Amino acid sequence: MAILEVEHIKKKFGKTDVLKDISFSLEQGEVLSIIGSSGSGKTTLLRSIAGIFRPDEGWIDTKGNRVSLMAIGIGFNPNNTGRENILKSGMLLGCSLDYVKEHMEEIIEFSELGDFIERPVRTYSSGMYSKLSFAVTAILDTDIMLVDEVLSVGDEHFRKKSYKKMEELMLSNRTVLIVSHATDTLKKFCDDVLWINDGKFMKLGQTEEV
């Protein structure tokens, strides 16, 4: 049974058609990559599934499952501290307050932010922001994880740690949609690949073939 269904969605920004009739479904534990040239609509598709954008036509059914979007620059209030943003982000993902608090120190440790966790996020560098974003989404358990080009965040040490964490998540029966230009990563982890170009569905099939 499908854990996610996307049917004939279309999305416009102004007069521009960004998504032009995209349909697919995902089963529990499946890892799907979305590929295409820059500007083809990959990020818009992920943000539509995450509920940030509403399609102009068609529908998206997540079957009541919790969905998290791992993307740079999404979801934090710049005037709140890192700790406060962890709590708010977790609850927006549908996690209970007790569950988020239970995993708070694990998230902080993974982010490597130290005392900066008590400072407003507006004081963070882009690298620090990305580390916290990655840590929150990677540690808190959701049913469907959307990953948008975040496998190269932070310094070299953190990138290696992030890649290892992604390996664990993708092999743990988590349902994942991933946007990345790292073809080696896609070949290693993804069951299938969805190719879109200029907002149009091109092909959906086995990774190597597509």
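Which order do peptides 65-71, 184-190 fall in by mean Cβ count within 10 Å, highest first?
Going from most to least packed, we get 65-71, 184-190.
Given H placed on each backbone N at 1.01 Å, which residues far from Phe53 in sequence or on other chains put an amide H within less than 5 Å of it?
Residues meeting the amide H criterion: Ser48.
If you roll a 1.4 Å probe over the chain with all protein chains in place, what percent of the accessible area is carbon or sulfur?
48
From the mean inverse distance of alpha carbon pairs (Kirkwood) and the Cα radius of gyration, derive Rg over Rh for region 65-138.
With Rh from the inverse mean 1/r over Cα pairs, Rg/Rh is 0.92.
Could the peptides 99-108, 24-33, 7-16, 140-149 be put in order, highest first, of the mean number of other beta-carbon atoms found within 10 Å of their residues?
140-149, 24-33, 99-108, 7-16
Using θ = phi - 60° and the Karplus relation 6.51 cos²θ - 1.76 cosθ + 1.60, list the HN-Hα couplings for region 163-172 in order, rounded to whole Hz, with x at every Gly or Pro.
After applying 6.51 cos²θ - 1.76 cosθ + 1.60, I find 4, 5, 5, 5, 4, 4, 5, 6, 9, 10 Hz.
Given the options Thr137, Ile86, Tyr99, identify the residue whose Cα lies farthest towards the positive end of the charge dipole of region 56-210 (+1 on Cβ of Lys, Arg; -1 on Cβ of Asp, Glu).
Ile86
What dipole magnitude, in Debye to the nearest 20, does region 1-69 give about its Cα centre under +1 on Lys/Arg Cβ and -1 on Asp/Glu Cβ?
For region 1-69, the charge dipole is close to 380 debye.
Output the relative contact order of region 1-116, whole-number percent, from Cα pairs under 8 angstrom with separation of 6+ residues.
The value is 22 percent.
Quick one: Karplus J couplings for region 33-38, per residue in order, coefficients 6.51, -1.76, 1.60, θ = phi - 60°, nearest Hz, x for Gly and Pro?
In residue order, the calculated couplings are 9, 10, 10, x, 5, 4 Hz.
Which pairs, out of Lys63/Lys203; Lys42/Lys203; Lys165/Lys187; Lys160/Lys203; Lys20/Lys165; Lys12/Lys200, put more than 22 Å between their alpha-carbon atoms?
Checking Cα-Cα distances, Lys63/Lys203; Lys160/Lys203; Lys20/Lys165 exceed 22 Å.
Roughly how many whole Å is it from the C-alpha centroid of region 74-95 to that of region 134-183?
18
Can you tell me the Rg and Dmax of the chain, counting just the alpha carbons, in angstroms?
Expressed in Å, the Cα Rg and Dmax of the chain come to 16.9, 48.
Work out the P(r) tail for region 90-184: percent of alpha carbon pairs separated by more than 15 Å, whole number.
Beyond 15 Å sits 62 percent of the P(r) for region 90-184.
So what's the net charge close to Lys11: Lys and Arg +1, Asp and Glu -1, counting the other residues with Cβ under 14 Å from its Cβ?
+2
Can you give the net charge of the other residues whose Cβ lies under 14 Å from the Cβ of Met1, counting K and R as +1 and D and E as -1?
-4
Sequence-distant or interchain residues sharing an amide H contact under 5 Å with Leu194, placed H: which?
Ser33, Ile34, Ile35
The values are calculated or read from the model by the stated rules, or taken from the named source; none is laboratory data. Since the structure is predicted, the reported quantities are computational estimates derived from the model, not experimental observations. Cβ: placed from backbone, ideal geometry, glycine included. Neighbour counts: every protein chain shown. Protein only, heavy atoms only, side chains kept; ligands, DNA and RNA dropped before computing areas. Shrake-Rupley method; radii C 1.70, N 1.55, O 1.52, S 1.80 Å.
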